[in-house]
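All remarks here apply to the structure that follows.
The values are calculated or read from the model by the stated rules, or taken from the named source; none is laboratory data. Please read these numbers as outputs of a predicted model, since none were measured by experiment. Cβ placement follows ideal geometry from the backbone for every residue including glycine, while neighbour counts extend to all protein chains displayed. Only protein heavy atoms, including side chains, enter the accessible area calculation; ligands, DNA and RNA are left aside. Shrake-Rupley method; radii C 1.70, N 1.55, O 1.52, S 1.80 Å.
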Amino acid sequence: VSKKKMLNNREAVILSILVNGERAGRDIRNEYRTRTEHQIPLGSLYTTLTRMEASGFVTSKNGGTTPERRGYPRKFFSITGVGERALKTYQEFLANAFGGIKSV
Amino acid sequence: VSDRGSFKWHFFIWAGLTIIFVWRCDGIRVDLSPLSMIPVIAWIIKDIIIAFSVIGLIDLIIGLFILTCAMIARIDQAEGSAEKCAVALGWWIPRKYRGLVVGDILEDCHELRQGGSGELRIYVHVLWQWAIAVGALLPVAIIGTIWRFVGEPK
């Protein structure tokens, strides 16, 4: 993974969610909030996911709808091989950067 | 034109536009689709043009306050109106993301209602999510369109 393809924190969390299987946008938003205790608005989420898809970290496919959505479709996102490698690189980067530090 | 005379004209213009806006709202209770927003946009452009004068700025602030009050007054507190609002506001979200964002907001509305939240709380959620969606996605869509026409920079 090149320097340019280094993940930021938000992308890394999203990929770590997708490692467990494909998710719809709203499910990613909810799990992101549970894991990080930070909100990610839908607009920001879809901007990030679009950028990640353009970088090849995730792929998407259209899904069905539910009565609550009144016919509006869902989109499911899943991690790609490039995404998995980028996440591994990110984890290694964190381990190298902070591994030797005594707890503060 | 004196300040007093100028203010009088501003008053009549924004009062007229507000009435048109509220009248338009009455059709589906809350209608923020582009057509309904035309008087508001016209009114804002008018105020931007005259914003260099102090009276224009005061007019803008008062006008925005009254317009907000008018909107809140027109909000139908009946169950399901927040969803109507979300669908109407969806016009402002780029087509590529519209279905996803509006669908997700509608699911949120359903979940909030199941959790016992009031209509006003749901409205706040809808408006917050919508505002961020427009702020984040509209620039992306505009830039994407520009790149499509002129070619993306290498």
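Couple of notes before you dig in:
- In the set A:Ile14, A:Ile40, only one residue is touching a residue at least 24 places away in the same chain (Cβ under 8 Å), out of contact with any strand residue (DSSP E or B) (no Cβ under 7 Å at 6 or more places or on another chain) and outside any helix (DSSP H, G or I); that residue is A:Ile40.
- Scanning region A:52-67 for residues that are out of contact with any strand residue (DSSP E or B) (no Cβ under 8 Å at 6 or more places or on another chain), open to solvent by 60 Å² or more (accessible area, probe 1.4 Å) and closer than 30 Å to B:Ala82 by Cα turns up A:Thr65, A:Pro67.
- Checking A:Ala86 against (1) over 12 Å from the mean Cα position of the chain (by Cα); (2) farther than 18 Å from A:Leu45 by Cα, the condition it does not meet: (1)
- Among the residues of region A:82-102, those that are under 18 Å from A:Ile17 (Cβ atoms) and open to solvent by 40 Å² or more (accessible area, probe 1.4 Å) comprise A:Val82, A:Glu84, A:Arg85, A:Lys88, A:Thr89, A:Gln91, A:Leu94.
- Residue in region B:105-116 that is surrounded by fewer than 17 Cβ atoms within 10 Å (Cβ to Cβ) and not in a helix (DSSP H, G or I) present: yes
- Odd one out for A:Tyr72 among (1) under 20 Å from B:Val102 (Cα atoms); (2) assigned to a helix (DSSP H, G or I); (3) open to solvent by 40 Å² or more (accessible area, probe 1.4 Å): (2)
- Selection within region A:19-35 - assigned to a helix (DSSP H, G or I) and open to solvent by 40 Å² or more (accessible area, probe 1.4 Å): A:Asp27, A:Glu31, A:Arg33, A:Thr34, A:Arg35
- Scope region A:59-81; condition more than 14 Å from every other protein chain (Cβ to nearest Cβ) and touching a residue at least 40 places away in the same chain (Cβ under 8 Å); matching residues: A:Ser78, A:Ile79
- Residues of region B:124-154 satisfying the condition of being buried (at least 20 other Cβ atoms within 10 Å of the Cβ) and of a type in the set (Ser, Thr, Tyr): none
- A:Glu11 satisfies every condition listed in (1) under 10 Å from the mean Cα position of the chain (by Cα); (2) open to solvent by 50 Å² or more (accessible area, probe 1.4 Å) except (2).
- Qualifying residue in region A:33-45 (condition: within 12 Å of chain B (Cβ to nearest Cβ) and touching an Asp or Glu at 6+ places or on another chain (Cβ under 6 Å)): yes
- B:Val101 open to solvent by less than 20 Å² (accessible area, probe 1.4 Å) and part of a helix (DSSP H, G or I): yes
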